[in-house]
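Below is one structure; the comments refer to it alone.
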Amino acid sequence: MFDRQGYIENLLDYYQNPRNKGRIENATVSISGGNPGCGDVVTMYVTIEDGIAKQVQFEGQGCTISQAGASMVAEKYEGQPLEAIEEASTDDMIDEMGREVVVSRLRCATVGIGTLKGAVRQYRQDRIKQEIEAADAQTRA
């Protein structure tokens with residue numbers, strides 16, 4: 001896609017001009033993740049409708065790579081089915097960010113995709129819990 005300099009410039013652009021940055025007040029699910037030991041923290045907010053991540057936004061702080069990666073992930077997966085997020089590989093994101101640029105900072109590079117995948121897992125778990133509670137309530141009635 002890019003040469004090394006192109007990947008660096010792309011990361012800087014996503015860091016300096018983040019896409020999909022900000023809180024979603026009525027998000028279906030939100031979850032924080034990251035590597036607080038080095039200062040990389042990301043919260044992903046996702047509005048889900050009919051199995052689609054209709055809106056994906058993030059807030060966070062940390063290094064250029066972690067914040068640019070979160071912005072890239074939020075932009076890429078907005079409007080996508082949850083299955084696409086679940087099937088996403090960290091390797092693909094590393095390649096999109098420029099493997100040779102981020103290879104020494106893989107934990108930073110994968111904060112965004114890891115947190116978004118965690119949000120989808122949380123959503124799925126919450127749905128299962130709600131279905132069990134609804135079935136229990138019907139059984140008692």
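The values are calculated or read from the model by the stated rules, or taken from the named source; none is laboratory data. Everything quoted here is computed from the prediction, not taken from an experiment. Note: ideal-geometry Cβ built from the backbone for every residue, glycine included; neighbour counts use all protein chains shown.
If you filter the range 5-42 down to residues that are of a type in the set (Gly, Ala, Ser) and out of contact with any strand residue (DSSP E or B) (no Cβ under 8 Å at 6 or more places or on another chain), you find that the one that is nearest to ASP126 (Cα to Cα) is GLY37.
When GLU49, GLU59 are checked against the criterion of being out of contact with any strand residue (DSSP E or B) (no Cβ under 6 Å at 6 or more places or on another chain) and surrounded by fewer than 20 Cβ atoms within 10 Å (Cβ to Cβ), a single residue qualifies: GLU49.
Scanning the range 18-65 for residues that are touching a residue at least 60 places away in the same chain (Cβ under 8 Å), of a type in the set (Val, Ile, Thr) and part of a loop (DSSP other than H, G, I, E, B) yields one hit, THR28. For the range 98-124, filtered to residues that are over 16 Å from ALA27 (Cα atoms) and polar (S, T, N, Q), the residue that is surrounded by the most Cβ atoms within 10 Å (Cβ to Cβ) is THR110. Pairs linking a residue in the range 80-102 that is closer than 16 Å to THR115 by Cβ to a residue that is surrounded by fewer than 18 Cβ atoms within 10 Å (Cβ to Cβ) and not hydrophobic (A, V, I, L, M, F, W, C), with Cβ atoms under 6 Å and 6 or more positions apart or on different chains, are LEU82/GLY51. Being closer than 27 Å to ILE8 by Cβ, of a type in the set (Lys, Arg) and modelled with pLDDT under 95 is a description that does not apply to ARG140. Checked against the criterion of being assigned to a helix (DSSP H, G or I) and touching a Lys or Arg at 6+ places or on another chain (Cβ under 9 Å), the candidates ILE85, ILE128, ILE132, ILE94 yield just one match: ILE85. Mind listing whichever residues of the range 22-46 are surrounded by fewer than 16 Cβ atoms within 10 Å (Cβ to Cβ) and either touching a Gly at 6+ places or on another chain (Cβ under 7 Å) or charged (D, E, K, R) (or both)? If the condition is that a residue be surrounded by fewer than 16 Cβ atoms within 10 Å (Cβ to Cβ) and either touching a Gly at 6+ places or on another chain (Cβ under 7 Å) or charged (D, E, K, R) (or both), then ARG23, GLU25, GLY39 are the ones that fit.
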